[in-house]
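Participant: Please read through the structure below; I'll follow up with questions.
Here, each number is a calculation from the coordinates, and none is a lab measurement. Values in this document were obtained by computation on a predicted structure and should not be read as measured data. With ideal geometry, Cβ positions are generated from the backbone for all residues, glycine too; neighbour counts draw on all protein chains shown.
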Amino acid sequence: MNLEHHTGSRANLQERVNAAIAAIPVFDIHTHLYDPAFGSLLLYGIDDLLTYHYLVAEVFRYADLTYEAFWKLSKTEQADIIWDQLFIKHSPISEACRGVLTTLNKLGFDVKQRDLSVIRKWYAEQETGALVDKCLELANVNRICMTNSPFDTEERPVWEKGFDRDERFISGLRIDPLLLDWTNTASLLSQDGYSVTEPLNEPTLTAIRQFLAAWGKRFRAKYLMVSLPPTFTYPSNKPTTTILDQAVIPHCQEHGRPLALMIGVKRAVNPDLQLAGDGMGRTDLQSLENLCANHPNAKFLCTVLAKENQHELCVLARKFPNLHIFGCWWFTNVPYAMEEITRLRLELIGLSVTPQHSDARVLDQLIYKWSHSREIISRVLAEKYDDLTRTGWHVPDDEINRDVTDLLGGAFERFCKC
């Protein structure tokens, strides 16, 4: 094959992959969004986009104001400062800033006008349900997995009262306090009427399983999830190990739910930044290996925060079929890291991976996060197909569609069900 012909074939291949990536809808398997029935807990609009914690952390690298002064401001005033500092006084080249502009552009705004008042006026005129439909359509997302916690005092009353669910919003049952703060959580479960004591005896472990069963049923949870620090150790002599081994994992196996582990976050590195103040650290993945080996019949989903852990995570997934890797999370959700990590995963474990989830906290972010992610997944996948064509292998359109469906949620669905 001469160079000119191969270059043309490669361009055609990229076009075919682009078309499939654009057409096939996403199952976004992890977000921090809410069903519209949760009212103000579902964040959207320009002020929520601008005050997203990625941008809050960034603005303090420029703005001459104290944390205390910033947090006393209204959300609109905070958004004004962020817009002025990160978009007007400096070019908005960070991924978080570019994401705001991508979102606005795809919503139809002329971003070069730089007019916040026009944008705010448009959002003020939108009805929530219609905006949800529009954002999902522009992002080509057909289902979203929420992060729902029975320990959250704001969302819990909505669940207890009941509501008409939007079937596009799936639930993930978050259990951080149960695993990381048993002393205080025991008191909460006791207040709920569960027969628990701080010592983890069999009646207490039975009650924990009952608690998980009740809330898993109420949520119709797709999986259980926990965000863990880089210091997470398993096994250990802490309550975490006992609760995992004798309550959480038995629940997951009984009810057919994977356990999602999001590992590597260091909470409140800078507490003055509030939600924006969390950091990251490298993790010893021996604990994940131990979990997968000790519980071969349980299913684990995992994403890790440190770029330095990605290679080892892929190798673990090669060794343990009960481990499914998903997403480029938080600080790895930037194009440089996403492209490298996606290429690494496809080269080591093929298509048995979910390369991305949005982790969106603001509805409108679905638009930019999936626009940017699709570009990267498409570029890497076309490159891998090009490698195949040079061996003489041909990949027809129906197989491209099959593979893209797997990468955009199909592999995750199959892992959960098998």
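Participant: Would you work out the Kirkwood radius for the chain? I mean one over the mean of 1/r across all pairs of different Cα atoms, in Å.
Facilitator: By the Kirkwood definition, the hydrodynamic radius is 22.9 Å.
Participant: Please give me the summed charge of the neighbours of Thr283: other residues whose Cβ is under 14 Å from its Cβ, Lys and Arg +1, Asp and Glu -1.
Facilitator: Local net charge: -1.
Participant: Mind scanning Lys72/Lys307; Lys75/Lys112; Lys319/Lys417; Lys112/Lys384; Lys72/Lys266 and naming the pairs with a C-alpha gap bigger than 31 Å?
Facilitator: Going by Cα-Cα distance, Lys72/Lys307; Lys112/Lys384 fall outside the 31 Å limit.
Participant: Still on this structure: Quick check: pseudo-label points 7 Å beyond the Cα along Cα→Cβ at Glu68 and Asn290, how many nm apart are they?
Facilitator: 4.4 nm
Participant: Here is a follow-up. Per-residue ellipticity at 222 nm for the chain, helices alone: DSSP H runs ≥ 4 residues times -39500 (n - 2.57), over residue total, nearest 500 deg cm²/dmol?
Facilitator: -14500 deg cm²/dmol
Participant: Bin all alpha-carbon pair distances of region 71-213 at 5 Å intervals from 0 and give each bin's fraction as a whole percent.
Facilitator: So the P(r) values, bin by bin, are 2, 7, 12, 13, 12, 12, 12, 10, 8, 7, 4, 2, 0.
Participant: How many angstrom lie between the C-alpha centres of region 182-204 and region 327-346?
Facilitator: 40 Å
Participant: Using a Cα-Cα cut-off of under 17 Å, which lysines could be cross-linked to Lys161, ignoring same-chain neighbours fewer than 8 residues away?
Facilitator: Straight-line reach from Lys161, under 17 Å: Lys217.
Participant: Charges only on Cβ, +1 for Lys and Arg, -1 for Asp and Glu: so what's the dipole of the chain about the Cα centre, in debye to the nearest 20?
Facilitator: 520 debye
Participant: Do any trypsin sites (Lys or Arg not before Pro) in region 225-286 lie in a DSSP loop with no more than 16 other beta carbon atoms within 10 Å, and if so, which?
Facilitator: The qualifying sites are Arg267, Arg282.
Participant: For the chain, which longest stretch is free of loop sites, where a loop site is one of the GluC sites (Glu not before Pro) that DSSP puts outside H, G, I, E and B and that has at most 16 other Cβ atoms within 10 Å?
Facilitator: With a cap of 16 other Cβ atoms within 10 Å, the longest stretch comes to 168-418.
Participant: List the aspartates and glutamates whose alpha-carbon lies under 13 Å from that of Lys106, not counting same-chain residues fewer than 8 positions away?
Facilitator: Candidates past the 8-residue exclusion: Glu137, Asp364.
Participant: Taking H placed 1.01 Å from N in the peptide plane, check which residues at least 5 places from Gln356 or on another chain put their amide H under 5 Å from its amide H.
Facilitator: Answer set, sorted by chain and number: Gly327.
Participant: Can you tell me the alpha carbon radius of gyration of region 237-291 divided by the globular rule-of-thumb value 2.2 N^0.38 Å?
Facilitator: 1.46
Participant: Enumerate the aspartates and glutamates that Lys222 could reach by cross-link, defined here as Cα to Cα under 14 Å, with residues fewer than 8 away along the same chain left out.
Facilitator: Within the straight-line cut-off, Lys222 pairs with Asp28, Glu167, Glu254, Glu413.
Participant: Let me ask something else about it. Give me the Å³ per residue figure for the convex hull around the C-alpha atoms of region 1-153.
Facilitator: Per-residue hull volume (Cα only) is 181 Å³.
Participant: If you plug each phi of region 157-163 into the Karplus form 6.51 cos²θ - 1.76 cosθ + 1.60 with θ = phi - 60°, what whole-Hz ³J(HN,Hα) values come out, in order, with x for Gly and Pro?
Facilitator: Taking θ as phi minus 60°, the curve returns x, 5, 5, 5, 6, x, 7 Hz for region 157-163.
Participant: I would also like to ask the following. So if R0 is 22 Å, what FRET efficiency would His394 and Asn18 give, r being the distance between their Cβ atoms, rounded to the nearest 0.05?
Facilitator: E(calc), rounded to 0.05, equals 0.75.
Participant: Find the centroid of the Cα atoms in region 116-168 and in region 21-100, then give the distance between the two in whole Å.
Facilitator: With region 116-168 and region 21-100 each reduced to a Cα centre, they are spaced 16 Å.
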